[in-house]
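The values are calculated or read from the model by the stated rules, or taken from the named source; none is laboratory data. Quantities reported herein were computed from a predicted structural model and do not represent experimental measurements. Neighbour counts are summed over all protein chains in view; Cβ atoms, including those assigned to glycine, are modelled from backbone coordinates with ideal geometry. The protein model used for the area step is the full one, side chains on, heavy atoms only, and it has no ligands, DNA or RNA in it. Shrake-Rupley method; radii C 1.70, N 1.55, O 1.52, S 1.80 Å.
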Amino acid sequence: GVTTAMASAFAPSSPIFRPVDPAEVPALLAIEQASYPEDEAASLESLTLRANDAAECFLVMTKAETPDAPVGFVCGTRTKQDSLTHDSMSTHDADGAILCIHSVVVEETQRKNGLGAAMLRAYVRFIDAQKEQSGVKEMRLLCKEHLIKFYEGGGFELIGKSDVVHGKDTWFEMRLNLLSQQD
């Protein structure tokens, strides 16, 4: 038969989710740039700002066997505005009740095996667990049409087409109300 050691060598390891370390932003930037077209990827400056100023909205995914090597991340900023605009997504208002998700990205070689969905679920739990002290009531994001079903699977609902212009594709705004989440 197959020994436990052999079986675990072939089984994918469980992902680990942890807070961001600002020192790893250059490694995260590489994942970001491999995940978005050049005119849509976050800059080193904006990822650094999110890691430093909005660390409570930034979750990194690694694997058990390589805990120092990120394989994905979700990051966001907070706003007091009611809808996502270029302005509301360009700054971080630590008192904002709406969390704007900017990136949900997985390293290219790790895609298509459920890690993105697991990371999104972990992020929702992470933000939901701190809602009492943080005051975050809702999460919003912009996505392309082909990703709507992915985010619906994570509990988000479609609001509709967004007015935000970023790159050449049409964006759709989605939301997840934390106050209606079941614990």
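For the chain, a simple Cβ point-charge model (Lys and Arg +1, Asp and Glu -1, everything else neutral) yields a dipole of about 560 debye relative to the Cα centre.
Please label the shape of the range 10-88 as rounded, prolate or oblate, based on the square roots a ≥ b ≥ c of the eigenvalues of the alpha-carbon gyration tensor (a/c under 1.5 means rounded; beyond that, a/b larger than b/c means prolate, else oblate).
Details: a/c = 2.03, a/b = 1.71, b/c = 1.19.
Prolate shape, in that a/c is at least 1.5 and a/b is the bigger ratio.
Mean residue ellipticity at 222 nm, helices only, the chain: -8500 deg cm²/dmol; runs of at least 4 DSSP H residues each add -39,500 (n - 2.57), and the sum is divided by the number of residues.
Determine the sum of side-chain charges near residue 117: Lys and Arg each +1, Asp and Glu each -1, restricted to other residues whose C-beta is under 14 angstrom from that of residue 117. With Lys, Arg at +1 and Asp, Glu at -1, the neighbours total +4. Could you state the angle between the C-alpha long axis of helix 44-53 and the longest principal axis of the C-alpha atoms of the chain, as a value from 0 to 90 degrees rounded to the nearest 10? Long axis of 44-53 versus the principal axis of the chain: about 90 degrees.
On the range 14-68, 56 percent of the accessible area sits on carbon and sulfur atoms, based on a 1.4 Å probe. The count of lysine pairs in the chain whose Cα atoms are under 18 Å apart, excluding pairs fewer than 8 places apart on the same chain, comes to 8. Counting only Cα atoms, the chain measures 58, 38, 32 Å along its principal axes, largest extent leading.
Can you say what percent of the DSSP beta bridges in the range 80-178, counting only those with both residues inside, are antiparallel? Round to 5.
Values: 10 of 14 bridges.
Just about 70 percent of them are antiparallel.
Find out how many positive minus negative residues lie around residue 39, taking Lys and Arg as positive, Asp and Glu as negative, among other residues whose Cβ is under 14 Å from that of residue 39.
Details: positive: 144, 168; negative: 32, 38, 40, 169.
So the surrounding residues net to -2.
For the range 117-183, which semi-axes, largest first and in whole Å, follow from the square roots of 5 times the eigenvalues of its Cα gyration tensor?
Numbers: eigenvalues 109, 33, 19 Å².
Calculated on Cα positions only, the semi-axes equal 23, 13, 10 Å.
Taking only protein heavy atoms and a 1.4 Å probe, the accessible area of the range 79-183 is 47% carbon and sulfur.
Across the options 36, 48, 148, the greatest Cα extent toward the positive end of the charge dipole of the chain (unit charges at beta carbon of Lys, Arg, Asp, Glu) belongs to 148.
Taking only protein heavy atoms and a 1.4 Å probe, what accessible area per residue, in Å², does the chain have with all protein chains in place?
Details: 9890 Å² over 183 residues.
About 54 Å² of surface per residue is accessible.
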